[in-house]
Amino acid sequence: MNPRNNSIVNLNCWLACSLALLLAPCARSQEKASPPEEETILLDTFVVSSDADKGYRASNSISGTRLNQKIEDIAQNISIITEDFIKDLQAVDIAEALGYTTSVTRDDVASESSFTLRGFNALRPLRNGVFTSGGVIPDMLGIGRIEIVKGPASVLYGVASPGGLINYVTKEPDDKKQFVSFKQTVGSWSFARSEADINIPLVKDGKRGLFLRLLGAYTDNGGYIGDGYIRRFLAASLLWRPARGTEVSATLDRTTQNAERVGASIMNNNKTAFMALPNDFNRAGTLDTDLTFVQAQLRQRLGLHWNARLSFTFHENKQYYAYFTAANNTTDNVSDTKVRYKLANNENRFPNYYGTLEAVGKYTFVRVRSTTLAGFEYITSTLHYQAANAPNSYSQTWLVDDPSTWTFGRLADRSVYTDMNTNSSDRDQDFIGLYIDQQFEFFDGKLRLSMGARRDDYEIQYDYTYKTGSDKYTDYAADHVSPKFGVVWRPVPAFSFFALYSESFIQNANYDIDGKPLPPQTGKGFEGGVKINLFSGRISGTVSAYQIRRLDVPQAIVGVSPTKYRLVGEEEARGIETQMFFNPTSQLQIVAAYAFNDARVTKDTNTDYMDTMLANAPRHTASLWTKYSWKKDALKGLSIGAGFRYKDSFYAFPPSTADLKVDDSCFCDAMAGYGRRVGPAWCSINLKVSNLFNGTGGGFRNIPASPRSYMLSTEVRF
């Protein structure tokens, strides 16, 4: 028998035995007495709703345990950006929405989906718990909330960053109301956007029925510094409840985008700073994206105590981009600066298939409540990649002080592509994951213990084809087990103390000195803190301290050809983090956050890199946002808000790549809105001002922050 198949069979046996041992005593207890109705599992076990949110404060999370649970019951630090906060920020992409979240840094302006979390790259954001691919996130109109899980989380999600993960939850049909909404937005840098949101109960019989939601958006963004785009978004989702205890949902959404790319800004020769270039100088090419998601779920109640979910997701990301690389720059003085460009074209296609089967059971035995989640996950994905590079003889020279030279000449001619050196590759990945997460509640919920484990088996195949030279094929397989242990103690209702040990892993695509595939990188995290809920939620939040280590980082063995690696690198992040919500009255909301994160290299074969800071990891980040709304008298319907965002200076690239440092920054934003009912419609108008005082510095690794900009929107809702 194949060793990998044998390991999976063993894990199946382990999983079945674990479930039997956990549930046997509970099942015996149920023979004596039936549980009250409120202890039965409801279908919303797997669905988080914004109905319980109060403005900017969310009370429940779906990402911490894959179940809809109260945040105060989860032994992990979780930040949530609610739909109300997204609307008030008028965020047009996920990076804007994350602007008031500490410990999160966007890596690269050329990609919407690349972030660093607590000093470690957070991989691609998840969509409803499913990992995505490519550099474009679906339109914000389709996103209902964003949840940030801090620290290692592989026990539930498989491949994951030790810093944590970002999961955005899409909007589903609303079974409680019918509405039609139209919104129009204009703004600085030739920004224009139209939105439509239609929710219709097609058939309704109490909670049962068939519900439909349609979303559409068109955005034309001129862009501040050559990064404009045109985006089209369409989504349709159905929710069907044919009978009590059965729920079926299906979603189809598609995003197409034509963007002007801004590549890495040109660094000086010693790679310590970007050259002083005009804003319109650094045009790096184009990026066309076609992004499709199809998701279907069946949620089924199984008796009084069990609930199951079967889900399938198809996700495909097609990208075609042309870009220009710079080389041989001279920087003696600005007037003599020369930049040589060479054309390259890439075409990518990422089809991904993702299936999950999960079951959750809840029992009570002698005042001990048990919640068991068991799941199976299968992922298969393929990356088709083709790259073409123009010959060096086609390089084009630009002079910074002469705009007439800012042309791509022969490089803009499509016939050039026939002379390029073309390379292609295919990457096939298969992942199988089995996991179990067990929670016990004691003393009426005052003490909660959680433990979990996951086994992942994966195989990755690379097939390279070169126009010149020999082809290359690699194939490697590995497995990993990720544990988790957590405790929540609530001595009084206002304070929940928690502690967590968790692990994560990321596959390595390298080989050791003997030609064997390397085992995966591992992450280990310890975190402890307190969750606060005072005065019926008027003061709430989380304060925590953590230590995260990334182990088994591969590093090249000097003098070995072809290059081989060994797992000797280590990195560590230590810090404290707090986020607090204040609602002294129903009219005033305040959100304050601060994080200190010290992320450094702790082991490296090159001693020069020891103790250096990790890339995109500012030591201090802080934010404050406040909003006041008038709910009666003459000013009823008016609201105003303001906030600031601070980010300490940080290195833009790993120490082995460049010493470029991004300056610290502090930006202020403001908003004002007014809404009232006019006949059958609710009408509103909102103004947002970003970077109110024209702050400088910051931005992303390769682009300065935009100066003061405005955004005005009007909405009509029936």
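What follows is calculated from the coordinates using simple rules that are stated; it is not laboratory data. No experiment lies behind these values; they were computed from the predicted model shown. As a convention, Cβ positions derive from the backbone with ideal geometry for all residues, glycine included, and neighbour counts pool all protein chains shown.
Quick look at the numbers
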item: Positive-end extreme of charge dipole, the range 132-216 - chosen from Pro173, Ala196, Ala153 (charges on Cβ); result: Pro173
item: Under the Karplus curve 6.51 cos²θ - 1.76 cosθ + 1.60, θ = phi - 60°, whole-Hz ³J(HN,Hα) for the range 87-96, x wherever Gly or Pro sits; result: 5, 5, 6, 6, 5, 9, 8, 5, 5, 5
item: Lys/Arg +1, Asp/Glu -1 at C-beta; the chain dipole; positive extreme among Thr286, Ser665, Ile640; result: Ile640
item: Eligible lysines near Lys603 by straight Cα distance, threshold 21 Å, same-chain separation 8 or greater; result: Lys524, Lys564
item: Mean-position separation - Cα centroids, the range 497-543 and the range 223-263, in angstrom; result: 30
item: Rounded Å value of the spacing that divides the Cα centres of the range 582-622 and the range 168-218; result: 36
item: Shape call, the range 148-216: gyration tensor on alpha carbons, a/c limit 1.5; result: oblate
item: Dipole magnitude of the chain, debye to nearest 20 (Cβ charges: Lys/Arg +1, Asp/Glu -1, about Cα centre); result: 2040
item: Option label - volume of the Cα convex hull per residue in Å³ computed here, alternatives [x] 197; [y] 143; [z] 173; result: [z]
item: Cα-Cα over 32 Å, subset of Lys207/Lys362; Lys171/Lys271; Lys531/Lys661; Lys271/Lys531; result: Lys171/Lys271; Lys531/Lys661; Lys271/Lys531
item: When the convex hull of its Cα atoms is projected in every direction, mean area for the range 577-718 (nm²); result: 11.5
item: Whole-Hz ³J(HN,Hα) from phi, Karplus 6.51 cos²θ - 1.76 cosθ + 1.60, for the range 558-573, glycine and proline x; result: 5, x, 9, 10, x, 4, 10, 10, 9, 8, 10, x, 9, 9, 9, 10
item: Residues whose placed amide H lies under 5 Å from that of Lys564, excluding near-sequence neighbours; result: Ile557
item: Residue-averaged 222 nm ellipticity for the chain, from DSSP H runs of 4+ at -39500 (n - 2.57), nearest 500; result: -2000 deg cm²/dmol
item: In the range 603-643, the trypsin sites (Lys or Arg not before Pro) that fall in loop regions by DSSP, at most 11 other Cβ within 10 Å; result: Lys632
item: Distant-in-sequence amide H partners of Gly695 (H built 1.01 Å from N, under 5 Å); result: Cys668
item: Amide proton proximity set for Val47, modelled H, under 5 Å, gap of 5+; result: Asn68
item: Cβ charges +1 (Lys, Arg) and -1 (Asp, Glu), total dipole of the range 120-208, debye; result: 140
item: Among Val543, Thr364, Ser114 - extreme Cα towards positive end, dipole of the range 3-717, charges at beta-carbon; result: Thr364
item: Along each principal axis, Cα extent of the range 203-306, largest first, Å; result: 69, 31, 19
item: Vicinal HN-Hα couplings computed from phi for the range 636-645 (Karplus, 6.51 cos²θ - 1.76 cosθ + 1.60; Hz; Gly/Pro x); result: 4, x, 8, 9, 9, x, 7, x, 9, 10
